[in-house]
Amino acid sequence: MPLSNAFAEKLTAIVGSGGVLTDAADRAPYEAEERGLMDSNCDAVVRPGDTETLAEIVKLCAAGKVPMVAMGGNTGLVGGGVADGGVIISTERLNKIIKVDALNHTMTVEAGCILADIQDAAEAKDCLFPLSLGAEGSCRIGGNLSTNAGGVGVLRYGNTRDLVLGLEVVLADGRVWSGLGGLRKDNTGYDLKHLFIGAEGTLGIITKAVLKLYPLPRAKVTVMAGLSDLNNILALFDRVRAACGDRLTAFEMIAEIGLDLVVRHIPDSTDPFAERHPWYVLLELTSPRSGDNLRGDIEAALGDALEAGEIADAVFAESEAQTAALWKLREEIPAAQSREGGSIKHDVSVPVSSACALVARATAAVEAEMPGIRVCAFGHMGDGNIHFNLTQPEGMDKQAFIGRWGDFNTIVHDIVIAMGGSFSAEHGIGVGKRDELGHYASAIELEMMRVIKRAFDPDNIMNPGKIFEFEAP
């Protein structure tokens, strides 16, 4: 049901005329879904500038049982930000970096801060905020928290959940819970912040966070290795980890087709190798000590790997520009796939020791189902999170290929679950994987989730329809 004029006037009275968008053209950027696969529409977009204003908006919506969808940078990949009427609450104006405590290694920020700005603010204080992902120039920290984002630094620093010490949250009735302590140790009852991290805005709206910082790296080495055999990837990982310990910050796998597509479709992308290889690994080592001999240690490890036949070649980045060029080959794979044609994407994880076996088993299964399909597997091999993406066979109609998404979900996810894995490693559930959760999760898991939802949002007005089906009383 569209919002009444009286309700819209009340919203405007709370936020101000510039903070409420009702015209279709103004709403359109907020209603656009990242992949263009889902429809989204709302009656109004509201842009509060502080927690108190946001709380008043939520109270008004709660009184009228008007559904709300919180939105950060709108870069989600599972439809977690799509709306079906009601109000989209954008956090874009909640963008203040409140405090950087370099001695405590914490930063307090508002939820609408862009991730790259947080990284820059930390670096200005000789600190590191290690969350890093492809959308960091536009995604906002509230969305990262609400989806428990992963990224390329999980191997060393953990998921977003591991980088948070406190939150401030507006609850479904408009009350504000403030848990912004910057403590490493706090055992006073339930750790409530973890209910909201990864909840995709279904329990409340995150407005502020206290984030963990780390010493700024003073030394860094970035290397790309070419490998002839899939199974050599984990052998190389084990060797480098043993030699370099937690200085190994990132360990990313790239299939040959991934590199091919980037070089073909992304401007200013160059293959750094003289010869092609079936598999590549992009790894990075960092240290807070400027004199740490990272180069010597990794050269020794790679030399042993070359002698053992685990790698065929390796190239080192000799400058920041070369480092950026190597990372571009990894980060632009999704964009290159899109330009090649239809792409069916899977964000899955298994125990690290099973990651190569997963790629082999799933590849055989999808190729048997559709001859000519092109498997573009890449991602965070060091923490077991593989983006097992499928590119359409050459010459096949794109929509016909996309129409088989459900079939390939079943094939890939059945294998993942059988191997003790997850069908949603770092992107969340949203709408896109809601049915998958209903199929694979146990009855008791779904029951506990619904009990929590009922306790926090009995009227089902906070991002309704996401994660699982829930009916208000």
For the chain the mean separation of alpha carbon contacts under 8 Å (6+ apart) over residue count, i.e. relative contact order in percent, is 15 percent
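About the Cα centre, and with charges only on the beta carbon of Lys, Arg (+1) and Asp, Glu (-1), how big is the dipole of the range 55-208? Nearest 20 debye, please. Write out the running numbers ahead of the final one.
Values: 14 positive and 16 negative charges, 56 e Å.
Value, rounded to 20: 260 debye.
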Accessible area in square angstrom per residue, the range 375-436, 1.4 angstrom probe: 35 Å²
Determine the principal axes of the Cα atoms in the chain, then give the extent along each, sorted from largest to smallest and rounded to whole angstroms. 73, 55, 44
Putting +1 on Lys and Arg Cβ atoms and -1 on Asp and Glu Cβ atoms, find which of ALA122, ASN389, LEU326 reaches farthest to the positive end of the dipole of the chain. ALA122
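Go through ARG404, ARG264, ARG295 and list them by solvent-accessible area, largest first, probe radius 1.4 Å.
Values: ARG404 60, ARG264 135, ARG295 85 Å².
Largest to smallest exposure gives the sequence ARG264, ARG295, ARG404.
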For the Cα atoms of the chain, what angle does the longest principal axis make with the long axis of helix 443-456, in degrees from 0 to 90, nearest 10? 40 degrees
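Where the accessible area of the range 24-99 is counted over protein heavy atoms with a 1.4 Å probe, how much of it, in %, is carbon and sulfur? Walk me through the numbers before you get to the answer.
Numbers: 1460 of 3180 Å².
The value for the range 24-99 is 46 percent carbon and sulfur by accessible area.
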Carbon and sulfur: what percent of the range 295-421's accessible surface (1.4 Å probe)? 51 percent
Charge-dipole axis of the range 312-453 as Lys and Arg at +1 and Asp and Glu at -1 on Cβ define it, positive-most pick from CYS376, HIS439, ALA362: HIS439
Explain nothing, just the number: relative contact order of the range 67-154, from Cα pairs under 8 Å at least 6 residues apart, as a whole percent. 27 percent
Rounded to the nearest whole number, the per residue volume of the convex hull around the C-alpha atoms of the range 1-81 in Å³ is 101 Å³
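Rank LYS96, LYS453 by accessible area, highest first, at a 1.4 Å probe radius? Each step should come with its number before you reach the end.
Numbers: LYS96 105, LYS453 10 Å².
The residues order as LYS96, LYS453, largest area first.
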For the range 380-473, what's the radius of gyration and Dmax over Cα atoms, in angstrom? 16.2, 51
Report HIS387's accessible area, 1.4 Å probe, all protein chains in place, as a number in Å² to the nearest 10. 20 Å²
Would you kindly state how much longer the chain becomes between THR410 and ASP50 on full extension, computed as 0.36 nm times their sequence separation minus their alpha carbon distance, in nm to one decimal? 125.3 nm
Among the lysines, which have Cα under 20 Å from the Cα of LYS398 when same-chain residues fewer than 8 positions away are ignored? LYS345
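Which percent, nearest 5, of DSSP beta bridges in the range 1-152 are antiparallel?
Numbers: 7 of 15 bridges.
Here the antiparallel bridges make up roughly 45 percent for the range 1-152.
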Which order, highest average first, do 148-160, 391-403 follow once you tally other Cβ atoms within 10 Å for each residue and take the mean per peptide? 148-160, 391-403
How large are Rg and Dmax for the range 274-416 when calculated on the C-alpha trace, in angstrom? 17.8, 56
Provide the gained length on full extension for the span LYS398 to ALA324, in nm with one decimal, where the gain is 0.36 nm per separating residue minus the Cα-Cα distance. 23.5 nm
Point-charge dipole on Cβ atoms (K/R +1, D/E -1) for the range 313-467, about Cα centre, debye to 20: 360 debye
Protection proxy ranking of 67-74, 298-305 - average other beta-carbon atoms within 10 Å, highest first: 67-74, 298-305
Considering only protein heavy atoms, what per residue accessible area in square angstrom results for the range 140-258 with a 1.4 angstrom probe? 37 Å²
How large is the charge dipole for the chain, taken about the Cα centre, if only the Cβ atoms of Lys, Arg (+1) and Asp, Glu (-1) carry charge, to the nearest 20 debye? 1100 debye
Can you sort THR222, THR22, THR270 by solvent-accessible area, 1.4 Å probe, largest first? THR270, THR22, THR222
Separation between the ALA368 and ARG35 pseudo-spin-labels, each 7 Å from Cα along Cα→Cβ, expressed in nm? 2.5 nm
Among beta bridges assigned by DSSP with both residues in the chain, the antiparallel ones amount in percent, to the nearest 5, to 85 percent
With the crude spin-label approximation of a point 7 Å out along Cα→Cβ, what separation in nm comes out for SER4 versus ARG161? 4.3 nm
Return a whole-number percent for the relative contact order of the range 359-473, with Cα pairs under 8 Å and 6 or more residues apart as the contact set. 18 percent
Nearest 10, in degrees from 0 to 90: the angle of helix 256-265 to the longest Cα principal axis of the chain is 70 degrees
In degrees between 0 and 90, to the nearest 10, how far off the longest principal axis of the chain does helix 355-369 point, with axes built from Cα atoms? 80 degrees
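The values are calculated or read from the model by the stated rules, or taken from the named source; none is laboratory data. Note that this is a predicted model, so its numbers are computed, not measured. FYI the Cβ positions are ideal-geometry reconstructions off the backbone, even for glycines, and counts take in every protein chain you see. Keep in mind that these areas ignore ligands, DNA and RNA; they rest on the heavy atoms of the full protein, side chains included. Shrake-Rupley method; radii C 1.70, N 1.55, O 1.52, S 1.80 Å.
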